[in-house]
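Structure first, commentary second.
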Amino acid sequence: MPTKFVLIGSGLAGGLLAAYLGRRGYEVDLYERRADPREGNIVGGRSINLAISTRGIHALEQIGIADEALRHAIPMRGRMIHDKSGTLHFAPYDVDPKKCINSIGRASLNTAVIEAAQRYPNVRVYFNHKCTEVDLAEPTCHLETDTGKLTVRADAVIGVDGAFSAVRASMQRNIDNFQYDESYLAHGYKELTIPPASDGSWRIEKNALHIWPRKSFMMIALPNPDGSFTCTLFWEFEGPRSFATTKTDDDIQHFFDEEFPDAVPLMPTLLEDFRNNPTGSLVTIRCAPWYHRDKVCLLGDAAHAVVPFYGQGMNAAFEDCVVLDECLEKFANDRDHAFAEYFSRRKENADALADLAIGNFIEMRDKTASSAFRAKKKLDHFLEAALPGVYLPLYAMVTFSRIPYAEAARRARLQDQILYAALITIILIGVLVIAVLLGHS
Ligand SMILES: Cc1cc2nc3c(=O)[nH]c(=O)nc-3n(C[C@H](O)[C@H](O)[C@H](O)COP(=O)(O)OP(=O)(O)OC[C@H]3O[C@@H](n4cnc5c(N)ncnc54)[C@H](O)[C@@H]3O)c2cc1C
């Protein structure tokens, strides 16, 4: 009998993992609490579009669906910074203009991975099935549907059920010394819209990720294939000027007129969107271990939710699928070892990404507005071009390579130390030369 996996959650990583496991010949039953995304029931309040880059694309390529999934994706070649006066500054992501991140619709990507999984006859997907509990020892999953409850048994259960994972909650309750840490940013987010122009075109530069950096908060916008942009305002929940204190239409209008004057004329549904769209929270989750013997395992946000500022949460979840697949191949008859190796290869990197993502929030909302930031980016690109393969900016390592996140962070720290030491040495030599010249005159 082939091994049977039960997967909980058919979000982005659940669908992709089901395809990988299906390709390996396992029996796979995937249970999702929501309705089929093809029926238009995509999660309200989550990001409508996301940035997919090298790691995520590689995972799609490995299963042969990259072209199909990226059919409607829109390349974004750099950041378009909008200052308060409406002046624009474009900062390319890389010295190579071909390197870009891609804006992709969550719903269409979710559909692409689920359909890829369903092409394997040994994969079955059940919507409207909510997991409430997992018995780790068996393992069995307890599920609720509109018509009643059921219990399913498997050789292994994988929790791909997102940041508030029910599978992880069962592990927390039943594994001694299970480590768990969740921390929320003081900022929440709200999605708003810039609709297409009357001829269906994009009303601001299509091939860029737009940022309105305002020091302690910011708004960003990513393009959609229909000519619209989805804007996301990241703003403090509480405080003198915050979501909490901005209640009336006048408050909202006043805040936007003051902070984002060039965007306001492009947002005819601003007040409606602001009132009707939920305010989401931003959580980082770290836990350990991500597995229990050969019975239960966690993947994607269920194991390591990160804040979205590096655009890597889904990319990292897709990379998890590749690594778990490699581990299951390496230890084909020893799932316990496969899960252990997967955990040891991914944990350090997930922790590093969590730190990088928080760091990038400060960079995006505050530093991108400064000329020092733009000068550092230019220096990065100069050094990358001058020292190919030797100097790689952190952003390029995270976004355009598959260098493990932890190694990228370490290498960037070392590069910065060398760079700053070199700059100080150059300045000291310059001062010395001037002093000597002055001494001679
Ligand atoms: C505002 C925002 C912007 C983002 N932008 C980016 C970006 O640009 N690039 C990027 O790479 N990442 C981005 N992310 C992160 C990305 O959304 C997540 O990392 C990614 O969705 C994780 O995929 P997942 O499959 O692990 O979890 P999810 O996508 O959350 O899927 C989990 C699935 O499990 C289901 N589920 C949950 N509980 C149960 C249960 N009890 N029983 C059954 N099913 C259940 C859910 O309904 C859902 O379908 C962003 C996140 C946010 C919040």
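At a glance:
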{"quantity": "For the range 236-290, alpha-carbon Rg over 2.2 N^0.38 Å", "calculated": "1.52"}
{"quantity": "222 nm mean residue ellipticity, helices alone, for the chain (DSSP H n ≥ 4; -39,500 (n - 2.57); rounded to 500)", "calculated": "-13000 deg cm²/dmol"}
{"quantity": "4 °C / 1.567 mPa s Stokes-Einstein diffusion coefficient of the chain, Kirkwood radius on C-alpha pairs, µm²/s", "calculated": "55 µm²/s"}
{"quantity": "Shape call, the range 191-295: gyration tensor on alpha carbons, a/c limit 1.5", "calculated": "oblate"}
{"quantity": "Shape category assigned to the range 331-378 from the gyration tensor of Cα positions, a/c cut at 1.5", "calculated": "prolate"}
{"quantity": "Sulfur and carbon atoms: percent of accessible area, the range 350-424 [1.4 Å]", "calculated": "66 percent"}
{"quantity": "Computed magnitude of the charge dipole of the chain (debye, nearest 20; Cβ of K, R +1, Cβ of D, E -1)", "calculated": "740 debye"}
{"quantity": "Listed peptides 210-216, 142-148 by packing density, highest first (mean Cβ within 10 Å)", "calculated": "210-216, 142-148"}
{"quantity": "Surface share of carbon and sulfur [accessible, 1.4 angstrom probe, percent] for the range 177-217", "calculated": "46 percent"}
{"quantity": "Cβ-Cβ FRET estimate between D355 and L437, R0 fixed at 30 Å, reported to 0.05", "calculated": "0.05"}
{"quantity": "Length gained when the stretch E68-S371 is fully extended (0.36 nm per residue, less Cα-Cα span)", "calculated": "105.1 nm"}
{"quantity": "Antiparallel DSSP beta bridges within the chain, percent to nearest 5", "calculated": "75 percent"}
{"quantity": "Cα centroid separation, the range 263-295 to the range 330-374 (Å)", "calculated": "18 Å"}
{"quantity": "Accessible area of the chain divided out per residue, in Å², using a probe of 1.4 angstrom", "calculated": "45 Å²"}
{"quantity": "Förster radius 60 Å - calculated FRET efficiency between Q179 and S85 (Cβ-Cβ, nearest 0.05)", "calculated": "0.80"}
{"quantity": "Mean Cβ neighbour count within 10 Å, used as a protection proxy, ranking 254-265, 339-350 highest first", "calculated": "339-350, 254-265"}
{"quantity": "Span-like helix ranges in the chain, DSSP H, alpha carbon extent 24 angstrom or more, Kyte mean at least -1.0", "calculated": "313-330, 335-365, 405-440"}
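The values are calculated or read from the model by the stated rules, or taken from the named source; none is laboratory data. Bear in mind the structure is a predicted one, so any value in this text is a computation, not a measurement. When we count neighbours, we look across all protein chains shown, and the Cβ atoms used for this are built from the backbone with ideal geometry, even at glycine. Protein only, heavy atoms only, side chains kept; ligands, DNA and RNA dropped before computing areas. Shrake-Rupley method; radii C 1.70, N 1.55, O 1.52, S 1.80 Å.
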